[in-house]
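Before any comments, here is the structure.
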Ligand SMILES: [Mg+2]
């Protein structure tokens with residue numbers, strides 16, 4: 001990505017988190033990957049003003065404590081973090097999840113491919129899109 005800001009991954013599945021990390025390395029993305037295991041941890045990270053705000057948030061939906069949809073509702077209420085684009089990365093193919101996610105302002109919704117090569121292509125596409133996108137300045 002053009003920005004040096006980190007990428008925030010909100011994901012409870014350790015294997016999926018490793019896959020995202022591996023895919024980012026494979027396509028030579030050097031931005032730091034910050035991993036939080038659920039929505040609650042992600043909100044904690046984002047509201048702690050000692051942390052650098054991420055360029056984008058990759059969000060799983062099915063997570064304990066605070067799931068992705070609950071996270072999106074809270075994010076929408078916070079003007080500081082609502083500017084950060086969120087891309088859902090999920091195994092859910094439920095229409096309700098897509099509707100709720102887009103109502104709550106996600107920038108994209110991707111199903112996690114089971115196949116690693118396809119997973120890399122999804123991450124490559126997300127990276128390219130957000131490299132080309134013009135984004136508002138964030139105030140950490
Ligand atoms: Mg999950």
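What's the ranking of 80-91, 123-134 by average number of surrounding C-beta atoms within 10 Å, highest first?
Result, highest mean Cβ count within 10 Å first: 80-91, 123-134.
Report, in deg cm²/dmol and to the nearest 500, the calculated mean residue ellipticity at 222 nm for the chain, where each DSSP H run with n ≥ 4 adds -39500 (n - 2.57) and the sum is divided by the residue count. Numbers along the way, then the final one.
Values: 5 runs with 58 residues, N = 140.
It comes out at -12500 deg cm²/dmol, rounded to the nearest 500.
I want to check the label-to-label distance for residue 96 and residue 117. Put each point 7 Å from Cα in the C-beta direction and report it in nm to one decimal.
Spacing of the two 7 Å Cα→Cβ label points: 3.7 nm.
Using alpha-carbon pairs under 8 Å, 6+ residues apart, how would you state the relative contact order of the range 7-131 in percent? Write out the running numbers ahead of the final one.
On the way: 174 pairs, mean separation 32.2, N = 125.
Once normalised by length, the contact order is 26 percent.
Determine the gain in length on full extension of the stretch residue 83-residue 15; use 0.36 nm per residue of separation and subtract their C-alpha separation, reporting nm with one decimal.
21.6 nm
Calculate the tail of P(r) for the range 12-123: the fraction of all Cα-Cα distances greater than 24 Å, expressed in %. Can you show the working numbers first?
Values: 1300 of 6216 pairs.
Distances greater than 24 Å cover 21 percent of the Cα pairs.
For labels at residue 4 and residue 128 in the simple 7 Å Cα→Cβ model, what's the distance in nm?
So the two model labels end up 2.7 nm from each other.
Where a number appears in this text, it was derived from the coordinates with a stated rule and is not lab data. Remember, predicted model here, so these are calculated numbers, not experimental data. Quick reminder, even Gly has a Cβ in these numbers, built from the backbone with ideal geometry, and neighbours come from all protein chains shown.
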